[in-house]
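Worksheet for the structure shown next.
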Amino acid sequence: MDATLLEQLLYEDESSTLDFKKDQYEFDGGSDDERSELLKDILGFANGWRRSDGYILIGVDDVRGGRSIVVGTTEHLVDHALQQFVNSRLNRPLRFAYEVCPVDGNQIRVIRIEEQPRPFYLKKNYGKLEKHKVYVRTGSSTDPSKPATPEEIVQMGMSTSASSPEAELMVEFAHAELDDVIGSELPWAAELCNVPELEDIPKQTTAVHRTPWVSTLMQFRASPVTKC
């Protein structure tokens, strides 16, 4: 994580995009209820109303109106285990990252939740959380007793559709024999050829060896085609 961004976050207050945790989550060896606390917070950020990535800083004591205190934590979560724990329980894959960052001589843990299509919800009940409920972070907290309403869920889907990029089709030309890419533009030119009127073409009265162009000319005489 960029050190400048991390320093900026330490001066911000908790919000819909930022949360501070003094202690590490009870994950390894924790009960389902304890582990569901981490799941709830990640879901809250993923479903939250925001226009940027969300961050959970673990090992930081919140200070409102000033720089939060970095206390650090020695308890580490294994990224692949955390990814499997979260995504195996959700209706769709959720993109987030977990990393260790050194600050003020201590190590803190940072969970970054990307802005992405939503809503997210559990396929089965787990710990304190119920399936099919869309938990959303409002302000500086995620209240599991106040999941998103049906109207809010509809708005999530609509905002996702509006922000989704449109598909684009790109066509490039290539030389088939040389296996050489020409590019997305292919220059070409055309020339209009005027054939003389039939009565203006002299008739051949003696037998001569016809060259290819003479044979072609004779074909033009026999054909009603006037332009090429």
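For this structure, a couple of remarks:
- Dipole axis of the stretch 3-163 (+1 Lys, Arg; -1 Asp, Glu on Cβ), positive-most option in Gly139, Leu94, Gly30: Leu94
- Annotation: Cα Rg of the stretch 1-63 relative to the compact-globule expectation 2.2 N^0.38 Å equals 1.19.
- Per-residue Cβ neighbour rank within 10 angstrom, fewest leading, Asp143, Asp2, Asp19: Asp2, Asp143, Asp19
- Convex hull volume of the Cα atoms of the stretch 3-163, normalised per residue: 110 Å³.
- Which of Glu115, Glu191, Glu197 has the fewest Cβ neighbours within 10 Å, and the rest in rising order: Glu191, Glu197, Glu115
- 13 Å tail of the calculated P(r), the stretch 53-117, as % of Cα pairs: 67
- Taking 26 Å as the straight-line reach from the Cα of Lys123, the lysines in range (excluding those fewer than 8 positions away in the same chain) are Lys40, Lys131, Lys133, Lys146.
Only the coordinates and a few stated rules stand behind these numbers; no lab work does. Remember, it's a predicted structure, so these values are computed and weren't measured experimentally. Because the Cβ atoms are built from the backbone with ideal geometry, glycine has one as well, and the counts that use them run over all protein chains shown.
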